[in-house]
Structure formats: structure tokens, C-alpha cells
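Engineer: Structure below; questions to follow.
FYI, it's all coordinate maths here, none of it is from the lab. Small disclaimer: the values here were computed from a predicted structure and weren't measured.
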């Protein structure tokens, strides 16, 4: 249990602080997959792309933070769940519109599935429509 917990925690922090694939790869299988039923990221299918998307997001929302609310380990299913709230303000360049100065506070869950001691698949549960509206992007 300890190894997947430590790996998941390190990955979660690396991803949520915008370290991109360079900062996340060591915690994942090289071909780790990704899924989300979310308008903004539903077309992403690999964890590398998602980690890079997060890196770009944090350039648009500099200073963004996460507030980890809950953490669960399911050793029998080799899974770790993280529930957090992402908070940020659109002040950086590069978004779908010029900086709006609007803020977002968005709930999300990561379901990290392991093969051995590496993340092989992650599903993100997130209602991006609400987040995009809060930022003034939709």
C-alpha cells in the first residue's frame, strides 16, 4: 500500500503544480492512458498529453493552487483516488480569450490505476463546463 500511495501523491503534486510530463513521467508507465468525460479534455487519451495540458493551464492561470480534500487507497484494485478543488485566476496570456481576470474554483477527482508501482491509467472526473463559465471562457 505504501508504494502506490507515495507514487500517487508525488504524481498528483507534480501534475497539479504544472511540471508537465517531465515531472510526471517517473511515476507512470510510458504508455499510461487517460480518460475524462469532460468537454475541455475529453479528446485526450494518454497521461502524457494530460500532464502537458495541465502545464499549459498553469501558464494561463499563474499562481493557481489545489486544495486536497480527500485521499483514498484501494489496495485490492491497485487504485488511488484524490478529490481536490482547483483554484485559479485567468491573468496569463495564451487562453482561448484574452485574460479575463475571472477566477475558478472547481471540484475534481483523479482515479489513478496502477500496474505494479506505476500509474498505468488515470481518469479525471470533472465538470469543465462550470469551470469554463467561471473563467468567462464559455
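Engineer: In a solvent-free Debye calculation with one equal scatterer on each Cα, what is log10 I(q)/I(0) for the stretch 67-106 at q = 0.15, 0.18, 0.29, 0.35 Å⁻¹, listed in the order of the q values?
Structural biologist: Here the Debye-derived log intensity ratios amount to -0.55, -0.63, -0.93, -1.07.
Engineer: Assuming 0.36 nm per residue, please report the length gained on full extension of the stretch residue 31 to residue 6 beyond their Cα-Cα distance.
Structural biologist: 7.0 nm
Engineer: Name the most mobile residue of 109, 80, 97, meaning the one with the largest mean-square fluctuation, in a Gaussian network model of the chain with Cα contacts below 10 Å.
Structural biologist: Result: 97 has the largest fluctuation of those listed.
Engineer: Next up: In the calculated pair distance distribution of the chain, what percentage of Cα-Cα distances lie above 20 Å?
Structural biologist: Tail of the P(r) past 20 Å holds 43 percent of the pairs.
Engineer: So what is the calculated 222 nm ellipticity per residue for the chain, using -39500 (n - 2.57) for each DSSP H run with n of 4 or more, over all residues, to the nearest 500 deg cm²/dmol?
Structural biologist: -9000 deg cm²/dmol
Engineer: Quick one: check the C-alpha center-to-center distance for the stretch 105-138 versus the stretch 63-104, whole angstrom.
Structural biologist: 8
Engineer: Please build a GNM for the chain, connecting alpha carbons under 10 Å apart, and tell me which residue among 92, 56, 116 fluctuates the most.
Structural biologist: 116
Engineer: Take the chain, connect every pair of alpha-carbon atoms lying under 10 Å apart with a spring to form a Gaussian network, then pick out the residue of 96, 62, 30 with the largest mean-square fluctuation.
Structural biologist: 96
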